[in-house]
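Here's the structure, in structure tokens; my notes come after.
Derivation of every value follows stated rules applied to the coordinates shown; laboratory data play no part. It should be emphasised that the depicted structure is a prediction, and the values quoted were computed from it without experimental measurement. No Cβ is skipped: glycine too gets one built from the backbone with ideal geometry, and neighbour counts run over all protein chains shown.
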Amino acid sequence: MEKINVSMKVNGKDENLNVEPRTLLVHALREHLEYTGAHIGCSSSHCGACTVDLNGKSVKSCTIFAPQAEGAEILTVEGIGTPDKLHVIQEMFKEHHGLQCGYCTPGMIMRSYRFLQENPNPTEEEVRFGISGNLCRCTGYQNIVKSIMAAAKKINEEAKVEEKEIA
Amino acid sequence: MIPSAFKFYKPNSIEKAVSIMKDFGDEARVIAGGHSLIPVMKQRLTDIKHLIDLSAIKELKGINISGKSISIGAMTTQVELITNENLFKSAPVIREASLQIADPQVRNLGTIGGNVANGDPANDMPGLMQLLDATYKLSGTNGVREVKAREFYEAAYFTAREDDEILISISFDAPIGGYAYEKQKRKIGDYATAAAGVILNVDKGVCSSASIALTNLSDTPVYCYEAVGLLTGKKIDDNLLSQVTKSCVEQSDPVADQRGPVEFKKYVAGVVINKALKRAFERS
Amino acid sequence: MDDVKTPSSEERKSALSGLGTSRKRVEDARFTQGKGNYVDDIKLKGMLFGDFVRSPVAHAKIKKIDTTAALALPGVHAVLTAADLEPLGLHWMPTLAGDKQMVLADGKVLFQGQEVAFVVGDDRYAVSDGVALVEVEYDELPVVTDPFKAEMENAPVLREDIADQKEGAHGPRRHPNHIFTWESGDKEGTNKVLDEAEVVADEMVYYHRTHPCPLETCGCVASMDKVNGKLTVWGTFQAPHAVRTVASLISSIPEHNIRIISPDIGGGFGNKVGVYPGYVCAIVASIVTGVPIKWVEDRMDNLMATAFARDYWMHGKISATKEGKITGLWCHTTADHGAFDACADPTKFPAGFMNICTGSYDIPVAYLAVDGVYTNKAPGGVAYRCSFRVTEASYFIERMIEVLALKLGMDSAELRSKNFIKKEQFPYTSALGWEYDSGDYHKAWDKALEAVNYKKLREDQAKQLELFKSGKSRKLIGIGLSHFTEIVGAGPVKNCDILGLGMFDACEIRIHPTGSAIARLGTISQGQGHATTFAQILASEIGIPASDITLEEGDTDTAPYGLGTYGSRSTPVAGAATAMAGRKIRAKAQMIAAYLLEVHDDDLEWDVDRFVVKGAPDKFKTMKEIAFASYNQAIPGVEPGLEAVSYYDPPNMTYPNGAYICVMEIDVDTGVSEIKKVYALDDCGTRINPMIIEGQVHGGLTEALAISMGQEIAYDEQGNVMTGTLMDFFVPTAWETPNYETDFTETPSPHHPIGAKGVGESPNVGGVSAFSNAVHDAFKPFGLTQAHMPHDHWRVWKIAKDLGLHN
């Protein structure tokens, strides 16, 4: 099969791939670049386990061909925190039992990450609508919603503290 | 769930895209957001050998509003339709309908062009474009031509678009009056069991102009001419709206699927249409 | 020696994060960072990929399989068919239910999606192209999808391989499409009571076919190392040890040369208990090619071919006095098992624990018969987030109670209360032979009714009904009640085995010199957080902080033998083994402490994390000190080191129970329902980690909501699967899912070392009845007695239509 070059920036790092054009972005990330955080749950863009951030938008990486992401900036769950300093959302998912088997979690966290930038002060209803592209089979969502609400609160509090410090 | 192999093109102009389509005929397909196309390719229900990504063509993007004329580039995403405040001021029904399509991630990539051009009767935008009496601009080997949305759809997945043509933009006049887009579905991400869009312009209780269109209630979107005729010039009351609803339902021709049998869909269509009529009336 | 003030017992107890604390999960650090290790994350050197050619039709003879074009494709290495597996004796495999199942189609196919050929290639792209090029000629045969038509005289024979076999694994077969008849209870006695009863309710209750659909599908990586003769298989296995034994038995590779590893599992819910053709083919392909082979099914494969759940047609009769005292229960179930009997049940229970169908009620006499039949549907019959067929049993009795209440003209809450097994009756032996360990059903029921203000709910419902009747509203309110008794923790080896393997479980503990520990268990977590909760059990037993205890599961080379995770058995069985192993550690620690303190063993008492000399509180040895001593001191009569292992054979099952109430608003014109309230009270005995219990209840309720309100595996008459994607197979999003109120009572199990009963499956068992009963309840004033699930929009609409509620 004929291959083509695709370059993209993943978690801040420039990557060059030589892949078949039909390679799905999720496979490019998982199998070629070994970012296995994004998972495959349905392959039909219903479950959201493969959600990553592409040019500042949440997308389902199972329904994008790698060459469509040529030149894109991609952020995966591996790129939002470090083992020493988790992202607030990661912390809050741990704190509020927002996960069980962990399979939907990377997609859920990446969607929350973007959602809270789109809507920093969401109501519970808005959170539920905002993550409605992500399925979870374990938690019944209640603690996921709780985790995201808590993360929003914490992010806003931290922002206030920063503002004060600057002032 | 792996598509068969294809060659990938990313032209930066409409002309280049059209010329690739001309070269390969029905072996070529354009891809916009890909959320209708890629799932079908994954199931190998279609054999595409040449895939043309339209995302590098700048002319296909953007929302232009000048006075009451609105023009939307085919590659405009649903999320752009939702978040554009000027568009919301001019045609709020678009946001209302778009928010009922798919889910946040899909709306980030799904485009108005892909949604209308695919010819899938389950898609919401074709019905919405009937409602707005939109005009589609197509570009092909023989130049640019315009087709009315109400004349574009022939059967499921069959449209007036020629193999070498690309939908480049959609235009319509800002609708006047109350509006509503009502959709019943089983869950987020589902297609409509029945959906209806209504625009009602009312002057002192009398309907001066109206538009009604249905989604997923036939093998093409349905524009309800007769019902619009029944409404126009009449004083609006519950009785009239019931008659109008009945007329719309008569024009529907849904098929049975996992959402339910025909009888159910027609009944729900009536409920959804009536709700849309009432809400549009309230907003008029 | 002690200058520092000793912390109080309470302070030291709290430092352990033991039983009863909402300890945060240790698993979450890796999961939240995308560092879980699921099967599809495994990448081995030289690994190839395999996938199936599947049957597009439900019943056909295979005339020809042509693999030429596929084999000619660059990147395709091999194509296996039944003909290739036959010399190895692997074209068929035994099922857990004593039947056998085709690994690859042997001359015919029996359901849509059945595995026909296995293509091996460089990666999933090459394999996918290869799959498309395998040409199969089918000669279609008539299809049976209705279990009641399967046993008709002229029905097509599905299983030609056993057509003449009159005796099956569970007794006589009366028809080529009949699998077994299983009976329990007193047939004559029950019939007599029914004949003479003042009131009898008679109803057919269908619990439709659905699917566990974990977010991660099934898959494996098989690696045959020809140098050392060892086969390693990483897979989505809920029972890794059982898989190892079965793999050894069917492949004749010695068991010590097989290593099964269950890495992180992305949910199982019963789907990952069985052995699937993909595992066998990946193993064979690895043996043939000499390199590791990965097989991971996609979602459509998962929904079409790996194990379904339920599909029970339960015909019931329940009798009572006019005052509402239940006198007898009769049930005949027609069980649609699909093309092969691959139910995952303990050997002696071909219909699982369906004979818990007397539920929470003191019913003097009962009779149950279950007939299993073959149809042209996928095999399975797994316990989807329930103990074997318990959700079917519970749904059955909770519907029969409602139907009986209608017949009696009695409030069903009162009818339940009137018939509950009383607290003082425990241990209680049911008419179908189970010994219920403990419970206080009245207490739970009264607490639940009070918590939701049941009286007020009924008043609100009546008001809404008036609005409906007067034409002011098109909505009705339904109040769904459910009280369930589960039977979990299979189980006692005397009556529970799978393929001859007793259903015990095991735990092995090693205390390190510095006083931290590792514990290995025979079970495996599928997301429940074992590494968190089992460490809590141990912390309380041996006085080492939970955070100092590593939990390891899922590697058969290192973990002790156990039967895995399903049927809510991890806590009742493996949890008990953990406590028992901990007690062995403590017993040895006591001897060491006695030696160090120069007192007799009996002079010591246990105090949270140490042994203290009775009456001399300042004379003690902490577990940390004892651990170090066990490694560095010669203690007469005591072996060095501090280790223990326990293989726990539970004396009985445990019987978690609960009271669930749901309030639902239903639009009669659209069939759309809105959940207004869900209250779930669980009694799972001793509570290990309340946070995790609550999470389990939320999740199980959501699965119950899905099942009752729309989720199904539907077939058309040709046997085509109509629900193969997550658009049509209903899995609710956060938007369709309500908030839940949880509550509890705590009645410890008297026979479990720590009194725990298991909870993961309760919410599914209790939830389905609560949701379904709410739908029924809404339409009760108009004469509805029974409407089958799932209660999706159109079926609810149909109820209203049939009752004449549409204009």
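Placing +1 on the Cβ of every Lys and Arg and -1 on the Cβ of every Asp and Glu, with nothing else charged, gives region B:178-283 a dipole about its Cα centre of roughly 360 debye.
Could you list A:T82, B:T159, C:T565 so that the one with the fewest beta carbons within 10 Å of its beta carbon is first and the one with the most is last?
On the way: A:T82 10, B:T159 22, C:T565 34.
Ranking A:T82, B:T159, C:T565 by Cβ neighbours within 10 Å, fewest first, gives A:T82, B:T159, C:T565.
Counting, for every residue in C:118-125, the Cβ atoms of other protein chains within 10 Å of its Cβ and taking the mean gives 3.
Past the 24 Å Cα-Cα mark, which pairs from A:K154/B:K187; C:K472/C:K798; A:K85/C:K272; C:K100/C:K187; A:K85/A:K146; B:K42/C:K61?
Violating the 24 Å Cα-Cα cut-off are A:K154/B:K187; A:K85/C:K272; C:K100/C:K187; B:K42/C:K61.
Dividing the helix sum by the residues of chain A, where each DSSP H run of 4 or more adds -39500 (n - 2.57), gives a mean residue ellipticity at 222 nm of -10500 deg cm²/dmol. Residues B:R107, C:R795 in ascending order of nearby Cβ atoms (within 10 Å, fewest first): C:R795, B:R107. Between C:Q786 and C:K61, the C-beta separation translates, for a Förster distance of 30 Å, into a calculated FRET efficiency of about 0.15.
What net charge do the residues around A:H97 carry, taking every other residue with its C-beta under 9 Å from that of A:H97, with Lys and Arg at +1 and Asp and Glu at -1?
It works out to a net charge of +1.
Applying the Karplus relation 6.51 cos²θ - 1.76 cosθ + 1.60 with θ = phi - 60° to region B:130-138 yields 3J(HN,Hα) values of 4, 4, 8, 6, 6, 10, 9, 9, 10 Hz, where x marks Gly and Pro. Between helix A:142-166 and chain A there is an angle of about 80 degrees, using the helix long axis and the longest principal axis of the Cα atoms. Here the Gaussian network model covers chain B, with springs between Cα atoms less than 10 Å apart; of B:Q258, B:Q100, B:Q130, B:Q258 fluctuates the most.
Based on DSSP H assignment, which helices of chain C show an axial Cα extent of at least 30 Å together with a mean Kyte-Doolittle hydropathy greater than or equal to 0.0?
Answer set is C:576-597.
Extents of chain C, taken as max minus min of Cα coordinates on every principal axis and listed largest first, are 87, 74, 50 Å. Within a straight-line Cα-Cα reach of under 22 Å, C:K588 can be paired with the following lysines, leaving aside sequence neighbours fewer than 8 residues apart in one chain: C:K13, C:K614, C:K619, C:K621, C:K624. Helices in chain B, meaning DSSP H runs of at least 4 residues, each add -39500 (n - 2.57). Divided by all residues, the mean residue ellipticity at 222 nm is -10000 deg cm²/dmol. Converting phi to 3J(HN,Hα) with the Karplus coefficients 6.51, -1.76 and 1.60 and the offset θ = phi - 60°, region A:59-65 yields 9, 9, 6, 7, 10, 9, 7 Hz in sequence order, with x at every glycine or proline. For the cross-link pairs C:K676/C:K780; B:K204/B:K246; A:K9/C:K45; B:K22/B:K148; B:K148/B:K265; B:K185/C:K801, which exceed 21 Å when the distance is taken from alpha carbon to alpha carbon? Result: B:K204/B:K246; A:K9/C:K45; B:K22/B:K148; B:K148/B:K265 exceed 21 Å. Exposure proxy ranking for C:S394, C:S749, based on other Cβ atoms within 10 angstrom of each Cβ and starting from the fewest, stands as C:S749, C:S394. Our summary gives chain C a relative contact order of 15 percent, counting only alpha carbon pairs under 8 angstrom and 6 or more residues apart. Here region A:88-162 is treated with +1 on each Lys and Arg Cβ and -1 on each Asp and Glu Cβ, and its dipole about the Cα centre works out to around 240 debye. Among residues other than B:I101 whose Cβ falls under 14 Å from its Cβ, what is the net charge (Lys/Arg +1, Asp/Glu -1)? Net charge around B:I101: -2. Using Cα centres only, tell me the gap between region A:94-167 and region C:415-441 in whole Å. Between the Cα centre of region A:94-167 and that of region C:415-441, the gap is 44 Å. When the P(r) is computed for region C:2-93, the part past 16 Å accounts for 79% of the Cα-Cα pairs. Between B:K234 and B:E85, the C-beta separation translates, for a Förster distance of 30 Å, into a calculated FRET efficiency of about 0.30. DSSP finds beta bridges in the protein assembly as shown, and of those with both partners inside it, around 80 percent are antiparallel. Computed over region B:178-283, the Cα gyration tensor eigenvalues convert (square root of 5λ each) into semi-axes of 24, 13, 11 Å, ordered from largest to smallest.
Spatial offset of region C:694-737 relative to region C:20-91 amounts to 25 Å, using the alpha carbon center of each.
Only helices enter the 222 nm calculation for chain C: every DSSP H run of n ≥ 4 contributes -39,500 (n - 2.57), and dividing by all residues gives -8500 deg cm²/dmol, rounded to 500. The convex hull of the Cα atoms of chain A, projected and averaged over all directions, covers 10.4 nm².
Within 10 Å of each Cβ of A:103-109, how many other protein chain Cβ atoms are there on average? All intermediate terms of the calculation are to be shown ahead of the outcome.
On the way: counts 11, 5, 9, 6, 3, 2, 4.
The per-residue average across the peptide is 6.
Distance between the C-alpha centres of region C:549-591 and region B:55-82: 62 Å, rounded to the whole angstrom.
Which whole number in µm²/s is D for the protein assembly as shown by Stokes-Einstein, with the Kirkwood Rh taken over Cα pairs at 10 °C and 1.306 mPa s?
49 µm²/s
Dipole orientation for region C:68-188: of the candidates C:A169, C:V79, C:Y125, C:A169 has the Cα lying most toward the positive pole (charges on Cβ; Lys, Arg +1; Asp, Glu -1). Build a GNM of chain B with springs between Cα atoms under 10 Å: which of B:A210, B:A74, B:A160 gets the top mean-square fluctuation? Among B:A210, B:A74, B:A160, the largest mean-square fluctuation in the Gaussian network model of chain B belongs to B:A160.
Given in Å, the Rg to one decimal and the Dmax to the nearest whole number for the Cα atoms of region B:7-53 are 10.5, 31. Here the convex hull built on the C-alpha positions of region A:88-162 has a volume of 75 cubic angstrom per residue.
Distance between the 7 Å Cα→Cβ label points at A:K160 and C:S22: 2.3 nm.
Since only B:G73, B:N84, B:F172 are under comparison, the one whose Cα sits farthest along the positive direction of the charge dipole of region B:58-173, derived from C-beta charges on Lys, Arg, Asp and Glu, is B:N84.
Give the aspartates and glutamates whose C-alpha is closer than 15 Å to that of C:K317, dropping any in the same chain fewer than 8 places away, or say none. Filter leaves C:D186, C:E188, C:D195, C:E196, C:E198, C:D202, C:E203, C:E398, C:E402. Across chain B, the relative contact order, built from alpha-carbon pairs under 8 Å that are at least six residues apart, equals 16 percent.
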